[in-house]
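Comments concern the structure below.
The values are calculated or read from the model by the stated rules, or taken from the named source; none is laboratory data. Keep in mind the model is a prediction, meaning the values are calculated, not measured. Counting neighbours? That spans all protein chains shown, and the Cβs are built from the backbone with ideal geometry, glycine included. Accessible surface is based on the protein model in full, side chains and every heavy atom, while ligands, DNA and RNA are left aside. Shrake-Rupley method; radii C 1.70, N 1.55, O 1.52, S 1.80 Å.
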Amino acid sequence: MYERQIRELKGLLEKGIGRLGDIFYRIRTLDSSSSSTLQDTLNSLPSEDEIAGLAKNENYSELKQTLKRIKTRKPGRVNSPGLLQFKECLDELKNEINLLEEIIEGLRERELTKGIFDLLSKFQRRLSTEKREKKVLSFRDSVEMAVRILTEDKKLRQYYKEKFKYIMIDEFQDNNLLQKKLLYLLTEKKDRLTEEPKPEDLEEDKLFLVGDEKQSIYRFRGADVSVFKQL
């Protein structure tokens with residue numbers, strides 16, 4: 001479990017650095033002569049090779065400091081399309097840097113993380129034993145079982161697909177990938193039975209999702225706002 005988590009963090013770091021490079025490129029294409037703030041940001045941008053090299057060599061402390069040196073101060077009043085684009089890029093840049101810093105911190109504290117995962121693994125085994133003995137299910141257990149049953153039992157899935165004409169979920173920003181999978185299984189086209197339905201496999205006008213990413217406050221219990229953003 002610990003090794004998988006570290007691999008996932010490294011994968012997320014690599015993807016985040018790729019997104020950062022895209023933002024750098026867009027900022028570099030803007031006309032810097034119109035704003036000293038834009039020029040300051042340009043001067044502070046490291047090269048993509050430098051960032052990728054620090055990540056590859058696992059020099060996470062220096063990588064974090066390199067990201068902190070990037071200037072993200074917004075210009076004052078703007079009235080040109082170029083500066084409006086710059087402000088949008090800065091919003092993306094700040095969000096990406098914050099996300100990367102969280103990932104980097106997780107990788108920097110690997111030994112501490114390993115100890116935590118060992119402790120959590122013991123707790124999880126004990127909790128699973130207790131739940132089986134007392135015949136108790138958590139909310140996540142219920143969703144996991146529903147997804148597994150609908151995936152494996154095609155006849156049952158067909159029954160529930162036909163049972164519901166419309167499904168509307170409010171506050172969807174507080175759902176997660178597992179709950180999205182459940183909804184996709186229930187809204188799959190009647191003539192399809194795929195292992196994991198994709199958007200193109202869904203019935204048109206059957207699934208309605210409502211939400212606001214800025215109101216996502218349930219991350220502590222498994223909500224993943226990135227699922228909502230991707231949709």
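Of Phe123, Val147, Leu202, which is farthest on the positive side of the dipole of the range 123-231, counting Cα position, with +1 on Lys and Arg Cβ, -1 on Asp and Glu Cβ, and the Cα centre as origin?
Phe123
Keeping all protein chains in place, calculate the accessible area per residue for the range 73-155 (probe 1.4 angstrom), answer in Å².
On the way: 6140 Å² over 83 residues.
On a per-residue basis, 74 Å².
Could you please state, rounded to a whole Å, how far the C-alpha centre of the range 182-231 is from the C-alpha centre of the range 12-74?
The range 182-231 and the range 12-74 have Cα centres separated by 33 Å.
Students often get this wrong: which residues of the range 1-44 have the backbone nitrogen under 15 Å from the point 7 angstrom along Cα-to-C-beta of Ser121?
Counting only backbone N, you get 1-7.
Taking 8 Å as the Cα distance limit and 6 or more residues as the minimum spacing, I'd like the relative contact order of the chain as a percentage. Walk me through the numbers before you get to the answer.
Working: 205 pairs, mean separation 38.3, N = 231.
For the chain, the relative contact order is 17 percent.
So how compact is the range 1-137: Cα radius of gyration and Dmax in angstrom?
Rg then Dmax for the range 1-137, in Å: 20.5, 70.
What is the gain in length, in nm to one decimal, between Glu102 and Glu88 on full extension, counting 0.36 nm per residue of separation less the C-alpha to C-alpha distance? Working shown, then result.
On the way: separation 14, 0.36 × 14 = 5.04 nm, distance 2.19 nm.
Net length gain for the segment: 2.8 nm.
For the range 96-147, what is the charge dipole size about the Cα centre, in debye to the nearest 20, if Lys and Arg each add +1 at the Cβ and Asp and Glu each add -1 at the Cβ? Walk me through the numbers before you get to the answer.
Details: 11 positive and 11 negative charges, 120 e Å.
It comes to approximately 580 debye.
Of Lys214, Lys87, Lys71, which is the most mobile in a GNM of the chain whose springs link Cα atoms less than 10 angstrom apart?
Lys214
Could you tell me the convex hull volume per residue, in Å³, taken over the Cα atoms of the range 10-57?
Numbers: hull volume 2.9 nm³, N = 48.
Enclosed volume per residue, from the Cα hull, is 61 Å³.
In nm, give the distance between the simple-model label positions of Lys15 and Met168, each being 7 Å from the Cα along the Cα-to-Cβ direction.
Once both label points are built, they end up 3.2 nm from each other.
Could you tell me what percent of the accessible area of the chain is made up of carbon and sulfur, with a 1.4 Å probe and every protein chain present? List each step's numbers first, then the result.
Details: 7840 of 15540 Å².
Exposed carbon and sulfur together represent 50 percent of the surface.
Quick check for me: using +1 on Lys/Arg Cβ and -1 on Asp/Glu Cβ, what's the dipole size of the chain about its Cα centre, in debye to the nearest 20? Present the calculation step by step, with values, prior to reporting the outcome.
Working: 46 positive and 43 negative charges, 140 e Å.
Dipole magnitude for the chain comes out near 680 debye.
For the chain, take N as its residue count and report Rg(C-alpha) divided by 2.2 N^0.38 Å.
Working: Rg = 22.6 Å, N = 231, 2.2 N^0.38 = 17.4 Å.
So the Cα radius of gyration is 1.30 times the expected 2.2 N^0.38 Å.
Using the Kirkwood radius over Cα pairs, work out the Stokes-Einstein diffusion coefficient for the range 137-231 at 25 °C and 0.890 mPa s, in µm²/s as a whole number. Numbers along the way, then the final one.
Details: Rh = 13.8 Å.
Answer, rounded: 177 µm²/s.
Under 26 Å between alpha carbons, and skipping anything fewer than 8 positions from Lys131 in its own chain: which lysines qualify?
Lys114, Lys122, Lys180, Lys181
Step through the table entries Lys15/Lys189; Lys134/Lys165; Lys155/Lys214; Lys68/Lys229; Lys190/Lys214; Lys64/Lys229, compare each Cα-Cα distance with 31 Å, and write down the pairs that go over it. Each step should come with its number before you reach the end.
Values: Lys15/Lys189 33 Å; Lys134/Lys165 37 Å; Lys155/Lys214 39 Å; Lys68/Lys229 26 Å; Lys190/Lys214 35 Å; Lys64/Lys229 26 Å.
Distance filter (> 31 Å) returns Lys15/Lys189; Lys134/Lys165; Lys155/Lys214; Lys190/Lys214.
Given a Förster distance of 22 angstrom, what is the FRET efficiency for Phe220 paired with Lys154, based on the Cβ-Cβ distance and rounded to 0.05?
It comes to 0.05.
Which residue, Glu200, Glu50, Glu101, has the most motion in a Gaussian network model of the chain that connects Cα atoms within less than 10 Å?
Among Glu200, Glu50, Glu101, the largest mean-square fluctuation in the Gaussian network model of the chain belongs to Glu200.
Using DSSP H assignments, which helices in the chain have an axial alpha-carbon span of 18 Å or above and a mean Kyte-Doolittle hydropathy of 0.0 or higher?
Working: long enough: 2-28 (39 Å, -0.59); 81-108 (40 Å, -0.15); 110-134 (35 Å, -1.17); 139-152 (20 Å, 0.16).
Counting only whole DSSP H runs, the qualifying helices are 139-152.
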